[in-house]
Amino acid sequence: MTTDMSFVHLITQASVVVQLVMLLLLLASVMSWFIIFQKGRLIRGAQKEAKQFEDRFWSGKDVTQLYKQICANKKNSGMAAIFEIGYREFMRQKGRSGGNPEVELEACQRRMRVVLSRELDELESQLPFLATVASTSPYVGLFGTVWGIMNSFRAIGSTSNATIAMVAPGIAEALIATAMGLFAAIPAVIAYNRYVNQVDRLNSQYENFLEEFYSLLHRQAYNS
């Protein structure tokens, strides 16, 4: 008599605890892949927008004209959002500060920092979930494996005529839990490391632009 060792049979015949572990890992894997694709699309879009805006900003175009063009787009993000809010605050403070450049620039920089923080929060959102899946999935899978092997040894202890065919399915189903844990963790850790690096690079670009734009406003404030 042969034992059915197919994946489907092993999963359906696994203990309830091991099945729950597999279900949890499957859900974690599905959520991870959803976030990986969604976050990849968001970061690629942010990188493209940053490059396009830098090209427009340093093309020598008048800042006021560029501001009007940027304002025509109701959904600015990244550098465009930092520029829009910064220049808007600069012009607003210019009419309220009584000609005090220090007040104008301080308010402008503060608003740009708020926008920068908001943009980074958007880019970094859901990355902690990938980190959690990457760090915990192998241990969750290992728990399922230990539980399955424990049940197999209990089966050996309850009979005087134990054979490999008797305990092999239990051990096999247990090892599936470990495999599923690794399947969930490996893509999550790769994506997390990649996206953190890309977000850090975008943050550096945003910071550099903010400082350069602030210097431009500084010159304009004290020369006007």
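FYI, it's all coordinate maths here, none of it is from the lab. In this text the structure is predicted, and so the values were computed from the model without any measurement. Here the Cβ positions follow ideal geometry from the backbone for every residue, glycine too, while neighbour counts run over all protein chains shown.
Got a sec? Which residues in the range 128-152 would a label at Phe37 touch, if it sits 7 Å along Cα→Cβ and we count backbone N under 18 Å? It comes to 130, nothing else.
Each peptide in 64-75, 138-149 receives the mean, over its residues, of other Cβ atoms within 10 Å, and ordering these scores from highest gives 138-149, 64-75.
Under 5 Å from the amide H of Gln126 lies no amide H of any residue 5 or more positions distant or on a separate chain, with H modelled from the backbone and absent for Pro and chain starts. For Lys48 and Arg219, a Förster radius of 30 Å and the Cβ-Cβ distance give a FRET efficiency of 0.50, rounded to the nearest 0.05. Protection proxy ranking for 100-113, 77-90, 33-46, using the average of other Cβ atoms within 10 Å per residue and placing the highest first: 77-90, 100-113, 33-46. Backbone phi angles across the range 138-148, fed through the Karplus curve with coefficients 6.51, -1.76 and 1.60 (θ = phi - 60°), yield HN-Hα couplings of x, 6, 5, x, 5, 4, x, 5, 4, 4, x Hz in residue order; Gly and Pro are listed as x. Annotation: extensible slack from Glu122 through Val63 equals 18.6 nm (criterion: 0.36 nm per residue apart, minus Cα-Cα distance). Rounded to the nearest 0.05, the FRET efficiency derived from the C-beta distance between Val114 and Leu20 at R0 = 45 Å is 0.55.
In the range 7-223, a dipole from Cβ-located charges (positive for Lys and Arg, negative for Asp and Glu) runs towards its positive end, and of Thr132, Ile171, Gly86 it is Gly86 whose Cα lies farthest in that direction. Here the Kirkwood formula puts the hydrodynamic radius of the range 7-223 at 21.2 Å, using every distinct Cα pair. If you take the beta carbon distance between Leu142 and Val30 as r and set R0 to 25 Å, what does 1/(1 + (r/R0)^6) give as a FRET efficiency, to the nearest 0.05? That gives a FRET efficiency of 0.75.
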